[in-house]
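The values are calculated or read from the model by the stated rules, or taken from the named source; none is laboratory data. What you are looking at is a predicted structure, and each value in this text was computed from that prediction instead of being measured. Cβ coordinates were reconstructed from backbone atoms using ideal geometry, including for glycine residues, and neighbour counts include every protein chain displayed. Just so you know, the surface numbers come from the protein's heavy atoms only, side chains and all, with ligands and any DNA or RNA stripped out. Shrake-Rupley method; radii C 1.70, N 1.55, O 1.52, S 1.80 Å.
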Amino acid sequence: MSHSVVKTDNWEAVKAECLKHLPQHVIDYIDGIKGQERSESQLISILHKIQAHSGYLSKEQLNAVSQLARVPLTKVTGVATFYHYFRLTPRGKHIINVCMGTACYVKGAEKISQELMNELGIQFGETTKDGLFSLEAARCLGTCGLAPVIMLDEQVYGPISPSDVRTILDKYIKQSAKTSEKG
Ligand code: FES
């Protein structure tokens, strides 16, 4: 058996394993840039495509990218953790976007963020342990007249003060408790 045959077999096995974790279009994309020098921007666009498909980047996916693109796992993980845009955990059931645009910022968006972080025990980009909420920062949500605003899923709340935060969160917590009772 020649070396090249062994290599090809391995490559197909690697690919089959990666296919379990990555969508076909990402594998095709990586295939398409094979042979080119691996730049950080290529790696970013690979990760971007995966996140657009899965909502976050799992350990298995990072590992599959490392194998397929032939980039050390430490480099793939380094890029994924360096850019705040990338998420390494699944998003929560409810997404809270705090508007940090200028109008909201001057009207106290930072205090609202702080209150949310205290109440939820998480930072921007994180998800509560129960998987109920993810906290994210947004640019102008287009409702500056209501500043400061937060958007919880599709619902905009504004103008709000830090003392409103608990009430808003409770509404979703109760809703979720009801749903699980029914289930
Ligand atoms: S700046 Fe917050 S909605 Fe425009």
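Miscellaneous remarks
- Condition met for Lys49 (of a type outside the set (Phe, Trp, Tyr), part of a helix (DSSP H, G or I) and in the same structural domain as Tyr157 (by TED's automatic domain parsing)): no
- Within the range 14-39, the set of residues being at pLDDT 85 or above and either over 30 Å from Ser134 (Cβ atoms) or open to solvent by 40 Å² or more (accessible area, probe 1.4 Å) (or both) comprises Ala16, Glu17, Leu19, Lys20, His21, Gln24, His25, Asp28, Tyr29, Asp31, Gly32.
- The set of residues in the range 87-101 being in the same structural domain as Gly121 (by TED's automatic domain parsing) and without any contact (Cβ under 8 Å) to a residue 40 or more places away in the chain consists of Met100 alone.
- Some residue of the range 87-110 being more than 23 Å from the chain's Cα centre (by Cα) and modelled with pLDDT under 95: no
- Residue check, Gln61 surrounded by 13 or more Cβ atoms within 10 Å (Cβ to Cβ), of a type in the set (S, T, N, Q), within 16 Å of the chain's Cα centre (by Cα) and not assigned by TED's automatic domain parsing to the domain that holds Gly142: yes
- Among residues of the range 99-113 being open to solvent by 20 Å² or more (accessible area, probe 1.4 Å) and among the hydrophobic types (A, V, I, L, M, F, W, C), the one that is nearest to the ligand (Cβ to nearest atom) is Ala103.
- Met117 hydrophobic (A, V, I, L, M, F, W, C), closer than 27 Å to Leu57 by Cα and more than 16 Å from the ligand (Cβ to nearest atom): yes
- Single unsatisfied condition, Thr81 versus (1) within 17 Å of the chain's Cα centre (by Cα); (2) not in a helix (DSSP H, G or I): (2)
- Members of the range 115-158 that are free of Cβ contacts under 8 Å to residues at least 12 places away in the same chain and part of a loop (DSSP other than H, G, I, E, B): Gly121, Lys129, Asp130, Gly142, Glu154
- The residues on offer are Ile96, Ile30, and the sole one that is away from the ligand (no atom under 16 Å from the Cβ) and hydrophobic (A, V, I, L, M, F, W, C) is Ile30.
- Top-ranked residue in the range 161-180 [being surrounded by 12 or more Cβ atoms within 10 Å (Cβ to Cβ) and of a type in the set (Ser, Thr, Tyr); ranked as nearest to Val98 (Cα to Cα)]: Ser161
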